[in-house]
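Values in this text are rule-based calculations from the coordinates and carry no lab data. The model shown is predicted, which means the values in this text are computed figures rather than measured ones. Reconstructed Cβ throughout: ideal geometry from the backbone, glycine too, with neighbour counts over all protein chains shown.
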């Protein structure tokens, strides 16, 4: 199995083997972060540009740390988008970054498909760090990596994803990744936050949080973005916590060793009680640590594929 | 000036003709259609092995002038039309200014007289500035020469206002062309609601937003006894509603665009905005239903909904890109491939949908090859293969959803009013 994609845009287009290759590569990179000198020369001489059109701390920092541990040079560009500006900037900016002879653009953008569009217009590598509601492949990969590390496998696992599924790129990428690897995915949310046709992606739908937790090996709790203006679709915060919040009382009825995940940042007391976030079942900080290894793997693989393309001419 | 087109397979459904014949055009009119015409023509075109049909009538074209000459002009759009075999187009009124008063229409007629390369006929707006608030002076627009009224791109939400529009249009004797969409239901969507919107993480446009408004428009037209024409039908439910209304004697006609029978929603999965249109590309079942509707006759016409946009407005983030695609240069070849070659329509059927029927709907004396008619004739090589490429499209904008597609069937000659105006 070899990796031949210059870009990582989403998990939908990946095969099971490609996902497994990323996970295996990440596993081999994880140890680097435990060394006294946390650096290998794998991407020495490469330039990675973090192009973030949306506020993000952890994903951006995670990519930056990952690139630096591989000895790449990293440039961060944070910029605001405005829908009024009709996005003329993204393609132009991408071409400018290419003209600077950078090797990889890591892009976060609030429009679904932005990473795909950028990849069509530049020949250097594009890694999607989250595009609109579409995909956030490295988040799902690190979730899956963490799960596999905790439970030893993905095949046959029951994973519940709770929260605003409709507007979540994390949910979409997780559903693609987990189902491709043979897990059974349940999504749980108030009706208006479940997008149509999600069953056709292979997920089971429930509006009952206790049912979603009951047999689950793991629960991935999404951040509720109450700042989003989606009008009537959004429940009241307290109402949401009462009906869908993950509490120790609810977990008491679930499997004893259920793995609790959250992509962060957490709204404590809204989608998850504080003592759950800090409790024994939580792997939230391990996810952050694993995020580095997964992103190192992704940067390494796309750079390698790019080099192969260049050699082939 | 006399032109003789010899030995082509002449197809003229109005006269139930399908056979190898000659056509003689004298000055601007057709003078004779017969076998072996012996007449000293000034110009003879050998059409052996070719198909000879009336020039196409496209009843849904955005020529963008006045106002957005960077996207298309009357001149560039009509040149593209002639290359596609389209000799008459109905210009949509969503220009700037909108065609909502006599002065605007006078201005447009002036531009047409000066720069149109094909026959351009005009539609007027239903409401002022197409805002759905206040009716235009429909009778005055009619006197100024509009052949239909439409707020295309928008639908009049107010039932009372729409009913009033139908009543006045009925008295004026012109059809009301409806862009049937309830924007409250389509809710800022950009692709078909369902698995496609789910996969792409984009807002979806429900089928309901179309067919519920189709039902309303038909209901109001029926009440007023007016002629309603539903534009760009894209989903099965709309067709069911239209079929039922036709059966019940309502004066309703409709059209669809080539992309609704040549493409389904899966085309959008790469986020290419050249597949973004409104209504959106629908499911495979809908595509099937559209084809059946063309075959059964529920769908009367094929129109391109030619909607040019600049690259700056189109080749950007999907959700921010403009809706719409160009179609004048590809509609005939796409229809030949998807309908004639696929056995859904025969040539007579195709000519009805693309020429005779739209002419009838608009009350235009076109779409036939009868003696005495305007000599608007096209000669098509049904075997010529070509690939749709940006570089060879002559339309000012290049936002085609068929780029890269291999098509069969190309226009070799376009004759307009007895003159050769396009030659391949």
Relative contact order (%) - criterion: Cα under 8 Å, at least six apart; region: segment B:57-189: 21
Tell me, what does the Kirkwood hydrodynamic radius of the protein assembly as shown come to in angstroms if you use every pair of distinct C-alpha atoms? 28.3
Using Cα springs under 10 Å in a Gaussian network model of chain B, which residue among B:74, B:149, B:37 shows the largest mean-square fluctuation? B:37
Per-residue Cβ counts within 10 Å, from other chains only, averaged over A:240-250: what number is that? 0
Gyration tensor verdict on segment B:31-70 (Cα atoms; rounded if a/c is under 1.5, prolate if a/b is larger than b/c, oblate otherwise): prolate
Whole angstrom only: what separates the Cα centroid of segment A:121-194 from the Cα centroid of segment B:165-204? 33
If we count other beta carbons within 10 Å of each Cβ, what is the order of A:73, A:257, fewest first? A:257, A:73
Calculate, in nm to one decimal, what residue B:341 and residue B:1 gain on full extension: separation in residues at 0.36 nm each, minus their alpha carbon distance. 118.8 nm
Among A:208-216, A:5-13, how do they line up by average Cβ neighbours within 10 Å per residue, starting with the highest? A:5-13, A:208-216
Taking a crude spin-label model, label points 7 Å out from Cα along the C-beta direction, the residue B:16 to residue B:46 distance in nm is 3.4
Does anyone have the angle between helix A:137-151 and the longest principal axis of chain A? Alpha-carbon axes, 0 to 90°, nearest 10? 60
Tell me the mean residue ellipticity at 222 nm calculated for chain A from its helices only (DSSP H runs of n ≥ 4, each -39500 (n - 2.57), averaged over every residue, nearest 500). -12500 deg cm²/dmol
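Given R₀ = 35 Å, FRET efficiency for residue A:286-residue A:2 by Cβ-Cβ distance, to 0.05?
Numbers: r = 29 Å, r/R0 = 0.83.
In this case the efficiency is close to 0.75.
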Net lengthening on full extension, residue B:285/residue B:32 (0.36 nm per residue, minus Cα-Cα): 86.6 nm
Peptide-level mean, for B:200-206, of C-beta atoms on other protein chains within 10 Å: 6
Among A:106, A:298, A:61, which one moves the most in a GNM of chain A with springs linking Cα atoms closer than 10 Å? A:61
With a cut-off of 8 Å between alpha carbons and a minimum separation of six or more residues, what is the relative contact order of segment A:34-181 in percent? 19
Which of B:377, B:242 has the fewest Cβ neighbours within 10 Å, and the rest in rising order: B:242, B:377
Any idea how far the Cα center of segment B:123-162 sits from the one of segment A:1-56, in Å? 57
Tilt of helix B:102-115 relative to the longest C-alpha principal axis of chain B, in degrees (0 to 90, nearest 10)? 40
How many angstrom lie between the Cα centre of segment B:310-367 and the Cα centre of segment B:1-68? 20
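Pull out a ≥ b ≥ c, the square roots of the eigenvalues of the alpha-carbon gyration tensor of segment B:55-362, then state rounded if a/c is under 1.5, prolate if not and a/b is larger than b/c, and oblate in the remaining case.
Verdict is rounded for segment B:55-362.
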Give the average, rounded to an integer, of partner chain Cβ atoms located within 10 angstrom of each Cβ in A:98-111. 1
Based solely on its DSSP helices, what 222 nm [θ] is calculated for chain B when runs of n ≥ 4 H residues each add -39,500 (n - 2.57) and the sum is averaged over all residues, nearest 500 deg cm²/dmol? -8000 deg cm²/dmol
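Among B:255, A:92, which comes first, then next, by fewest other beta-carbon atoms within 10 Å?
Numbers: B:255 27, A:92 11.
Ranked by crowding around the Cβ, least crowded first: A:92, B:255.
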How far is helix B:74-83 tilted off the main Cα axis of chain B, in degrees rounded to 10, range 0 to 90? 60
